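The values are calculated or read from the model by the stated rules, or taken from the named source; none is laboratory data. Here the structure is a predicted model, which means the values were calculated and not measured. Here the Cβ positions follow ideal geometry from the backbone for every residue, glycine too, while neighbour counts run over all protein chains shown. These area figures cover heavy atoms from the full protein model, side chains too; ligands, DNA and RNA do not enter into them. Shrake-Rupley method; radii C 1.70, N 1.55, O 1.52, S 1.80 Å.
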Amino acid sequence: MHRRNFLRAFAAVTAASSWSAFALPTEGQAFDAAIADEPWLTPFKGVTDATGDRHCDALALTGRWPAALRGRFYRNGPALYERDGRRYHHWFAGDGMVQQFSFGGGARQNVRHIGRLVRTPKLLAEQKAGKFLYTAYGTHIESDEPTQGPDTFNVANTNAIEHAGKVLAMWEGGSAFALNPDDLATLGPVTWQEGLAQMPFSAHPKLDAAGNLWNVGSAGANLVVWHVDPAGKLVKAQIGESPYPGGMAHDAAMSANHIVLPLPPLKLHFGEDVTSGRAFSYEPNEPLRVLVMRKDDITKRRVFELPTQMVFHVGNAHELPDGSITLSFVGSKTPEFAVHGASQLVAGHPAAAADSSTQIARLDMRTGKATVEGMGDAVEFPRIHPQMNGLPARYLLTLAAWHGHTEQASLFHGIQLRDLETGRVQRYDYGPQTIVEEHIVVPKPGAKHELDAWLLGTTFDAQRQVTRVNLLEARHIADGPIAQATLPYLLPYGFHGNFTAA
């Protein structure tokens, strides 16, 4: 399979629809009216070209900031939703904005923030035109503008990681965009090797203990597995076929020897609008497939079938002495959030509560049989200790909800740390007026144990309309943040990020 086949497949799924997306030119006004009654939705208003770059050299600090915390915390997410009164129809459609929080360490800790829109070709063209020009996730844009492959639509809006001296802003279906870590200036799309331009480099790379970056991309019936060395050089790109052509392939786990890729029975029809009812197709009679491939040769593979469910994110995978693989992930009974919930939020309407929960699967590589056990919680955004990728990580960190904060039912009010050996759960509730975003595990310098770490993440205080950065002790989650940094402005809700120690 060659690059041209990938691009041909992408062109097929992005063929123009004759249906016009925007019936009204006042969607922005309608959203403004909605958030007057639902102030926790305000971050979905997003930024403009004028406000898409933010900078504060010294955030307001409270609590005990440890002198040993030194480095850069990145987050990425959709941020620009409106032009000329029109709004995108799905959360995943907004143009990406990368945030960098820098921790200076020392006796007088300082926290600096930089936020910048990623200057993709799409963003630059639409800034110049003053209107939307290109179809986005779940949003059809009627346009005669020429397209030149997947990066025509690339919004670089899902994750950010610093690797080999560059920040990579990543999306689902095209190139990673490189940014300068000093000021987040956009350097341009990354072509890992001549002939591989615009091939999909998805938004959930995994770093192994040696600093190698692994990633999976998908387009139509095809998959590509990337291996990038610690210096940022491509070691190998392998191309193969998906056992569920056209299905969503969002996140993969990397064990010591294998790539473990969940393939839920959901397909996105890029070019269709969610308001038409044709943007997604879900096949509830199809199983959740889990594709396991050898890292060194993806043709050596096995497909497992689990009960039907929707999966966005994995926690971790590791190999057991008998050769079987344990996979932790978050699964939902239906794709309700992807199909409807994420659209309702950017339209200014609360969505139904998520039904996603922690799942632990055991994949028997000898027999091809699989078992799965659900934990019965309500969680999303699973993260583990970053040095335990592919190893038997004991603790799984997630966002969580566990009682009725009905005003924010579709999002989360707390965090949870689950001990996968004992089943013990530790939680902290940020309260009914706070929306909690992804938290990550940051190892303490010289740490020997998984819990010798801080937990770092952002929240939005809907009552005060401010964004905060929160730091917690992994061993004492129930005590809440030991320190907080408050920005002088609110930020759009984001998706994922990572920490780079200084």
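When the stretch 252-265 is limited to residues that are of a type outside the set (Gly, Ala, Ser) and either open to solvent by 10 Å² or more (accessible area, probe 1.4 Å) or touching a helix residue (DSSP H, G or I) at 6+ places or on another chain (Cβ under 8 Å) (or both), the one that is nearest to Gly331 (Cα to Cα) turns out to be Met254.
Checked against the criterion of being open to solvent by less than 20 Å² (accessible area, probe 1.4 Å) and acidic (Asp, Glu), the candidates Asp144, Asp151 yield just one match: Asp151. Of all residues in the stretch 296-315, those that are part of a strand (DSSP E or B) have Cβ atoms under 9 Å from Cβ atoms of residues that are open to solvent by less than 30 Å² (accessible area, probe 1.4 Å) and among the aromatic types (Phe, Trp, Tyr), 6 or more apart or on another chain, in Val303/Tyr244; Val311/Phe329; Phe312/Phe329; His313/Phe329; Val314/Phe329; Gly315/Phe329.
Only residues that are closer than 28 Å to Arg362 by Cβ and acidic (Asp, Glu) were counted in the stretch 211-254, giving 2. Listed by first and then second residue, the pairs with beta-carbon distance under 7 Å, at least 6 apart or on different chains, first residue in the stretch 267-286 and at positive phi and part of a loop (DSSP other than H, G, I, E, B), second open to solvent by less than 50 Å² (accessible area, probe 1.4 Å) and not β-branched (Val, Ile, Thr), are Gly271/Ser17; Gly271/His140. Counted as qualifying within the stretch 137-220 are the strands (runs of 3 or more DSSP E) with 3 or more residues that are modelled with pLDDT of 95 or more and of a type in the set (A, V, I, L, M, F, W, C), namely 166-170, 177-179, 213-219.
Each residue in the stretch 445-456 was checked for being at pLDDT 95 or above and either open to solvent by less than 40 Å² (accessible area, probe 1.4 Å) or within 21 Å of Arg468 (Cα to Cα) (or both), and 6 of them qualify.
Within the set Glu172, Glu142, Glu194, the sole residue that is over 20 Å from Gly71 (Cα atoms), under 22 Å from the mean Cα position of the chain (by Cα) and of a type in the set (Asp, Glu) turns out to be Glu172.
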